[in-house]
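Peer 1: Take this structure, written in structure tokens, and hold onto it; I'll ask about it next.
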Amino acid sequence: MNRKKIICSCRNVTKGDIADAVKDGADSFKEVKKQTKVGKGCGKCKKKAKKLTKKLLKERVE
Ligand code: FES
């Protein structure tokens, strides 16, 4: 995973930021949003961020 890849350009949130939020205990997209501020600008990254969060949560469980 390229941790430096920007997911949300409004808030400068990278894949790594989202991965860290999940690692640090965020267990829903809502929590990830709270921790990283992803999607709190224009909102166009939400779909992408949500998908990534889901994937990471699944990986964490496995
Ligand atoms: S790109 Fe994430 S809120 Fe605009």
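Peer 1: Using a 4.7 Å Cβ cut-off, which Cys residues in the chain lack a partner cysteine?
Peer 2: 10, 42
Peer 1: Could I ask something else about it? Could you pull out the pairs from 15/51; 5/37; 4/34; 5/30 whose alpha carbons sit more than 18 Å apart here?
Peer 2: Those over the limit are 4/34; 5/30.
Peer 1: Which of the aspartates and glutamates could a cross-linker bridge to residue 47, judged by Cα under 18 Å and excluding same-chain residues fewer than eight apart?
Peer 2: The reachable aspartates and glutamates, counting only those whose Cα sits under 18 Å from residue 47, are 17, 27, 31.
Peer 1: So for region 4-62, taking the charge dipole from beta-carbon charges (+1 Lys/Arg, -1 Asp/Glu), which of 56, 45, 19 sits furthest toward the positive end?
Peer 2: Result: 45, furthest along the dipole toward the positive end.
Peer 1: In percent, how large is the relative contact order of the chain, given Cα pairs closer than 8 Å and 6 or more residues apart?
Peer 2: Reported as a whole number, the value is 32 percent.
Peer 1: On to the next question. Give me the mean projected area, in nm² to one decimal, of the convex hull enclosing the Cα positions of region 6-61.
Peer 2: Hull-based average projected area comes out at 3.0 nm².
Peer 1: Going by how many other beta carbons lie within 10 Å of each one, how would you line up 62, 31, fewest first?
Peer 2: 62, 31
A short reminder: the numbers here are calculations on the coordinates, not readings from a lab. What you see is a predicted model, and the numbers here were worked out from it, not measured in a lab. Neighbour counts run over all protein chains shown; Cβ positions are idealised from the backbone, glycine included.
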